[in-house]
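Enquirer: Before I ask anything, here is the structure I am working with.
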Amino acid sequence: MNNQHMNDDSSYCCLVNSRRNSDSFFANHAIDDQGDVLSTTGVLLQLYKGGQNIEVIASNLEKVRLNPNWLNQNRDDLEYYIPQLINYLVFRGNNKELINFLINVCQNNFFFAHLTYFQLRSLSQIVNKKVIYLRGVIEFLNTYTDLMKEQFEDEYLINGQEFVCHSSNEEAIQVYGTAAYDQLSSKLNASEINIKQYVSINTEDQIKESKNGFLSTINFWNDIIRISERLYLAFPQIISLKADLQKINQNLPSCVYIPFVKDQIRNYVILNIVASESKVFSTKERSPFYICLEIYRPDVEQDQRNDYKQSEAITLQKSIIIQQKMSIRGSVNIDQSKYANVHQITVQQPLQIIDEDIIDETPTVQFYTSENDEDVEVKSVYQSFQKENNEDFVSVRSSFASEIQRKSMVLSQEGQNLFGESAKDQEQRIRDQSLFGNLKSWRLVHLIVKSGDNLKQEQFAMQILSTIDQIFNIEDLPMRLSIYEVISLGPNYGLIEMVKDAITIDSLKRQLWNRQQTLTQFFEQSVFLFNYQ
């Protein structure tokens with residue numbers, strides 16, 4: 001493909017490789033069924049390869065899909081590649097056409113704007129033995145934040161504005177989670193819950209705007225991260241953690257969401273942090289902690305669910321049309337006179353490789369738990385045998401079934417001893433006790449909060465694993481990976497989705513040591529059921 005063809009926008013749309021009709025993950029320039037959406041992967045590869053007209057690439061970026069396809073496991077949307085796009089702008093190319101494109105997209109997509117903010121903040125410093133501040137990035141981040149505050153001043157949630165109820169039960173909500181809360185109290189319905197802007201508990205850190213939708217979620221996660229940064233010096237840590245979480249709960253429920261994609265969690269509002277369930281993981285240099293949060297969708301409760309047809313491919317042009325229909329600010333262009341320095345990203349320091357300690361709580365091994373479906377288990381053992389009316393065979397079959405049942409009971413008991421309460425049982429217990437347990441969209445989300453760690457590396461690693469898993473799916477290979485989400489919220493802190501019903505290798509080895517059992521012996525004892533599934 002030569003530059004002459006690339007300069008012609010329409011020619012570019014038609015120049016696709018020989019596999020344009022295939023499902024290949026790397027079909028760089030494939031056009032979707034609508035005929036007007038370019039492959040995001042293909043356009044970004046052209047950007048990183050260099051040698052192309054940057055104006056044409058910027059124009060092509062306006063034709064790529066911005067939003068995930070919820071009906072498809074495969075990701076080819078720009079949202080998925082935000083880290084790569086921002087890294088290019090910071091370390092490879094400070095180009096006004098790309099900056100204009102980015103600003104326009106963010107002004108038309110609330111969630112995209114927040115993800116871009118977190119990625120820019122993550123790249124504002126290089127943290128190693130000393131902190132290197134990237135002043136150009138910091139200056140641009142400040143300008144970008146001002147733009148987004150102006151654009152989303154009255155927008156608090158992805159699916160709407162504040163949900164203010166006239167009959168809210170603030171007294172019951174304030175008591176919930178404290179020693180004064182009675183679990184037998186009447187549960188609330190959606191019409192009794194106010195969802196307003198979150199106000200930071202750290203007044204010295206509170207961004208001074210008294211009312212701004214874009215900052216609500218940012219202020220909340222700033223408070224959570226501040227707890228993580230202080231926790232290492234606290235004693236006892238768990239008491240300090242629960243006390244700080246209770247302070248945050250005083251300002252919940254609020255217009256705050258979790259910036260994850262899985263299961264569209266980002267459409268949910270945080271109701272409460274279950275402080276009693278929190279845990280601290282001790283390491284040599286930092287104190288990450290686990291929290292679980294109660295969340296719900298107020299638009300679902302009010303039967304006003306509107307996902308903006310998220311399975312449809314939304315490009316920049318379509319996004320602008322949608323925003324105009326929703327009567328959100330019509331202007332999406334930067335006022336060059338007001339923001340004269342918006343294109344002046346300059347980075348003097350080269351990107352450095354940072355050696356970080358890896359928390360030993362992250363690696364996990366999942367444990368098999370019997371679902372008490374004995375018929376299915378027995379069938380899986382001898383289903384290949386077709387011998388009938390044979391008493392010996394029936395005897396052997398019964399022996400196999402009895403052995404599986406016995407092993408299953410032992411394994412299930414081992415699981416309870418090692419893992420404790422299952423995620424399903426925990427969720428049911430908390431829901432039964434929760435003031436919000438009657439909400440039909442109620443869910444429980446489990447997170448690990450980490451500070452003092454370069455989560456950009458872990459975020460990129462999980463992105464690679466997710467891409468590999470998508471390739472397995474496209475090529476119809478009998479292999480699957482369990483992907484959990486990681487997001488960097490700043491230079492050395494962020495969130496990790498908790499892997500439930502699992503145990504760390506380190507914790508497992510310590511428990512087995514107390515039983516005078518090796519890891520090998522444990523797996524040999526537990527592997528029986530796996531061989532007959």
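The values are calculated or read from the model by the stated rules, or taken from the named source; none is laboratory data. Source: prediction; values computed, not measured. In this analysis, Cβ positions are derived from the backbone assuming ideal geometry, glycine residues included, and neighbour counts consider all displayed protein chains. With ligands, DNA and RNA removed, areas are computed over all heavy atoms of the protein, side chains included. Shrake-Rupley method; radii C 1.70, N 1.55, O 1.52, S 1.80 Å.
Enquirer: Pairs under 6 Å by beta carbon, first residue farther than 14 Å from PRO288 by Cα in segment 217-237, partner in a helix (DSSP H, G or I), six or more apart or different chains?
Expert: ASP223/ILE248
Enquirer: Can you name every residue in segment 57-78 that is closer than 17 Å to PHE101 by Cβ, out of contact with any Phe, Trp or Tyr (no Cβ under 7 Å at 6 or more places or on another chain) and not hydroxyl-bearing (Ser, Thr, Tyr)? Before the answer, list the steps.
Expert: Within segment 57-78, the first condition is being closer than 17 Å to PHE101 by Cβ, and the residues that meet it are 57-67, 77-78.
Then keep just the ones that are out of contact with any Phe, Trp or Tyr (no Cβ under 7 Å at 6 or more places or on another chain); that gives 57, 59, 63-65, 67, 77-78.
Hits for segment 57-78 are ILE57, LYS63, VAL64, ARG65, ASN67, ASP77, LEU78.
Enquirer: Considering ILE103, ILE138, ILE173, ILE99, which residue is assigned to a helix (DSSP H, G or I) and in contact with a His (Cβ under 7 Å, 6 or more places away or on another chain)?
Expert: Testing whether each residue is assigned to a helix (DSSP H, G or I) and in contact with a His (Cβ under 7 Å, 6 or more places away or on another chain) leaves just ILE99.
Enquirer: Being surrounded by fewer than 21 Cβ atoms within 10 Å (Cβ to Cβ), under 25 Å from SER216 (Cβ atoms) and touching a residue at least 40 places away in the same chain (Cβ under 8 Å), is that true of even one residue in segment 40-56?
Expert: Checked against the condition, which is being surrounded by fewer than 21 Cβ atoms within 10 Å (Cβ to Cβ), under 25 Å from SER216 (Cβ atoms) and touching a residue at least 40 places away in the same chain (Cβ under 8 Å), segment 40-56 yields no hits at all.
Enquirer: Read through the list (1) open to solvent by 10 Å² or more (accessible area, probe 1.4 Å); (2) more than 27 Å from LEU271 (Cα to Cα), then give the number of the only condition that ASN169 fails.
Expert: The number of the failed condition is (2).
Enquirer: Restricting to segment 114-135, give me the number of residues that are under 24 Å from the mean Cα position of the chain (by Cα), outside any helix (DSSP H, G or I) and among the hydroxyl-bearing types (Ser, Thr, Tyr). Outline the logic, then answer.
Expert: Applying the first criterion (under 24 Å from the mean Cα position of the chain (by Cα)) to segment 114-135 yields 114-127.
Filter once more, keeping what is outside any helix (DSSP H, G or I): 123-127.
Next cut, among the hydroxyl-bearing types (Ser, Thr, Tyr) only: 124.
Selection size over segment 114-135: 1.
Enquirer: Next up: Name every residue in segment 233-272 that is under 29 Å from ILE483 (Cβ atoms), of a type in the set (Ser, Thr, Tyr) and open to solvent by 20 Å² or more (accessible area, probe 1.4 Å), in order of residue number.
Expert: Across segment 233-272, the qualifying residue is only TYR268.
Enquirer: Sticking with this one: For segment 104-132, give me each residue that is open to solvent by less than 10 Å² (accessible area, probe 1.4 Å), hydroxyl-bearing (Ser, Thr, Tyr) and either free of Cβ contacts under 8 Å to residues at least 40 places away in the same chain or closer than 21 Å to SER319 by Cα (or both).
Expert: Selection gives THR116 alone.
Enquirer: If you check every pair at least six apart or on different chains, which have Cβ atoms under 7 Å apart with a residue in segment 441-459 that is farther than 18 Å from VAL499 by Cβ first and a residue that is assigned to a strand (DSSP E or B) and open to solvent by 10 Å² or more (accessible area, probe 1.4 Å) second?
Expert: Filtered contacts from segment 441-459: SER451/TYR493; ASN454/VAL127.
Enquirer: Scan segment 428-442 for residues that are buried (at least 18 other Cβ atoms within 10 Å of the Cβ) and either touching a strand residue (DSSP E or B) at 6+ places or on another chain (Cβ under 7 Å) or modelled with pLDDT under 85 (or both) and jot them down.
Expert: First pass over segment 428-442, keeping only residues buried (at least 18 other Cβ atoms within 10 Å of the Cβ): 430, 434-436, 439, 442.
Hits for segment 428-442 are ILE430, SER434, PHE436, LEU439, TRP442.
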